[in-house]
Amino acid sequence: MKKIKVTAVTCSRSEYGILKAIIYKFNKNKKFNFQLIVGGEHFSKDYGNTIDEIISDKNLVNYKIKYKLKKFNEKKDIIKASAEAIVKFANIFSKIKPDIVILVGDRYEVFAAAFAAFMQLYPIAHIHGGEKTNGSIDDTLRHCITKMSTLHFVATKEYKNRVIQLGENPKNVFNVGALSYETIKKTKLFSKEELSKNLKCKFSKYIFVITIHSITNSKNSDLRTINNLLNSLKAFKDTTFLFTMPNSDSNSKIIYKKIINFTKKRVNAFYFISMGQINYYSSIKYCNLVIGNSSSGIIEAPYFNKISINIGERQEGRVKAKSVISCGNSYREILKCLKTSFKKSICKQNSNLFKNPYGKKISSELISNKIENLIINNKIKIKSFYDINIDKL
């Protein structure tokens, strides 16, 4: 039997963390001819050279896409990088001629890959569609990728409904939960002592893990948010602050410099361009609070039964566990939320908080089986808009 040609794309550390289980599953299955395209931030020293992590995981990188990526991208830089990426993705897809292209999420590089595949009529399987992030332009990009995709593997029932609302046939939309959970299950995390050695820092009694990204659909929120957060952290004693740096969004320069200045003045504060996945998950395991506006605070933190604080509007709209506490970006709101959440975190009586809406399924097997069955049975067709009966709403 002819092998099914599956191609996956990763251009950032967050995507790769989600894709790891999928990459392993397709590489292991002899029914598939799997190829991995790696690009973007993975080749940037400014973003941690995360290509090294992919290689250390013994994953074969079949194609590399490099395009101009500055340390601090402004909107015009992102537009130029996207245009360059579209052409390079299109050239690679025309060589591979994939039966299906697997894409994750909502970043501009993913949109570029989706456009290149869509225009050449290569079917797309999109993971983590249907989500809402009101404080990011990624929200619109995600929905655009949904409209270019044929198969949809979403993380919750609500997201499934939203993809259908966008005009996608329910027969092509599958709720598989959060794919990263499978990776966490299969990963041997470091002990606290090993983690301290890896990160080259001595832990205090308490640990906060902090990730702040820019608000890409607003011009003025980033400076206010990072200043108020850093000032709020000063209220906590005997605490180690572990900062992971923002990704290559516009306005990230403001956040980057503020974090560096904060850590330079404190022996208990550390920043990491890229921790590496195992270090990051281990940090969440041993921390008291996960703080910021990253999706990991909403998806991964509840898996570890950790309270997380979601600051500002970037992630507003996502489905959240009760353990995710949202607040505004004023100093007063952040400080109050930090103090209240910190008390809950050390109380250890929070079992009712961690009912997780993202499930704990073996997602990669569900995805690979569904793709295999649909392709073998020739059921991936040119799609048409699926109309919802408005009269029944």
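Remarks
- Yes/no for K75 being farther than 21 Å from N279 by Cβ, touching a helix residue (DSSP H, G or I) at 6+ places or on another chain (Cβ under 7 Å) and surrounded by fewer than 23 Cβ atoms within 10 Å (Cβ to Cβ): no
- Test: residue in segment 368-391 that is without any contact (Cβ under 8 Å) to a residue 60 or more places away in the chain and of a type in the set (D, E): yes
- Qualifying residue in segment 22-30 (condition: open to solvent by less than 20 Å² (accessible area, probe 1.4 Å), among the aromatic types (F, W, Y), modelled with pLDDT of 85 or more and more than 20 Å from the chain's Cα centre (by Cα)): yes
- Taking first residues from segment 150-169 that are on the phi > 0 side of the Ramachandran plot and partners that are loosely packed, with under 15 Cβ neighbours inside 10 Å and at pLDDT 95 or above, no Cβ contact under 7 Å between residues at least 6 apart in sequence or on separate chains turns up.
- Options D77, D52, D106: the member that is within 19 Å of the chain's Cα centre (by Cα) and assigned to a helix (DSSP H, G or I): D52
- Residue identified as farther than 29 Å from A125 by Cβ, in contact (Cβ under 8 Å) with a residue 40 or more places away in the chain and not in a loop (DSSP other than H, G, I, E, B) among L230, L195: L195
- Test for A178: is it at pLDDT 95 or above, among the hydrophobic types (A, V, I, L, M, F, W, C) and in contact with an Asp or Glu (Cβ under 9 Å, 6 or more places away or on another chain): no
- Selection of segment 259-272 for residues being open to solvent by 20 Å² or more (accessible area, probe 1.4 Å) and either part of a helix (DSSP H, G or I) or within 15 Å of L353 (Cβ to Cβ) (or both) yields I260, N261, K264.
- Across segment 294-329, the number of residues qualifying as under 19 Å from A155 (Cα atoms), touching a residue at least 60 places away in the same chain (Cβ under 8 Å) and among the small types (G, A, S) comes to 5.
- Only residues that are of a type in the set (S, T, N, Q) and on the phi > 0 side of the Ramachandran plot were counted in segment 1-58, giving 1.
- Here C347, C337 are screened, and the one residue that is over 30 Å from E168 (Cα atoms), hydrophobic (A, V, I, L, M, F, W, C) and either open to solvent by less than 60 Å² (accessible area, probe 1.4 Å) or touching a residue at least 12 places away in the same chain (Cβ under 8 Å) (or both) is C337.
- Of all residues in segment 65-105, those satisfying the criterion of being among the charged types (D, E, K, R) and modelled with pLDDT of 95 or more are K88, K95, K97, D99.
- All positions within segment 80-103 that are in a helix (DSSP H, G or I) and either of a type in the set (A, V, I, L, M, F, W, C) or open to solvent by less than 10 Å² (accessible area, probe 1.4 Å) (or both): A81, A83, A85, I86, V87, F89, A90, I92, F93, I96
- For segment 248-258, the condition of being free of Cβ contacts under 8 Å to residues at least 40 places away in the same chain and surrounded by fewer than 20 Cβ atoms within 10 Å (Cβ to Cβ) holds for at least one residue.
- Selection of first residues in segment 129-144 that are assigned to a helix (DSSP H, G or I) and of second residues that are of a type in the set (A, V, I, L, M, F, W, C), restricted to Cβ pairs under 6 Å at least 6 apart or on distinct chains, gives the following pairs, ordered by first then second residue: L141/F111.
- Residues that are surrounded by 20 or more Cβ atoms within 10 Å (Cβ to Cβ), assigned to a helix (DSSP H, G or I) and not hydrophobic (A, V, I, L, M, F, W, C) occur in segment 357-367; there is at least one.
- Any hit, segment 26-42, residues being more than 25 Å from K97 (Cβ to Cβ) and either of a type in the set (K, R) or part of a helix (DSSP H, G or I) (or both): yes
- Pairs linking a residue in segment 271-282 that is within 12 Å of S191 (Cα to Cα) to a residue that is hydroxyl-bearing (S, T, Y) and at pLDDT below 95, with Cβ atoms under 8 Å and 6 or more positions apart or on different chains, are I278/T187; Y281/T187.
- The requirement of being in a strand (DSSP E or B) and open to solvent by 10 Å² or more (accessible area, probe 1.4 Å) is satisfied by K64.
- Answer residue from segment 314-333, given it is of a type in the set (K, R) and closer than 18 Å to I226 by Cβ and is surrounded by the fewest Cβ atoms within 10 Å (Cβ to Cβ) among those: R332
- Filtered by the rule that a residue be among the β-branched types (V, I, T) and either within 22 Å of H128 (Cα to Cα) or open to solvent by less than 20 Å² (accessible area, probe 1.4 Å) (or both), segment 273-313 gives I278, I284, V290, I291, I298, I299, I307, I309, I311.
The values are calculated or read from the model by the stated rules, or taken from the named source; none is laboratory data. This structure is a prediction, so every number in the text was calculated from the model and none was measured. Methodologically, a virtual Cβ is constructed for each residue, glycine included, from the backbone with ideal geometry; neighbour enumeration extends over all protein chains shown. Heads up: the accessible areas ignore ligands, DNA and RNA and are worked out on the full protein's heavy atoms, side chains in. Shrake-Rupley method; radii C 1.70, N 1.55, O 1.52, S 1.80 Å.
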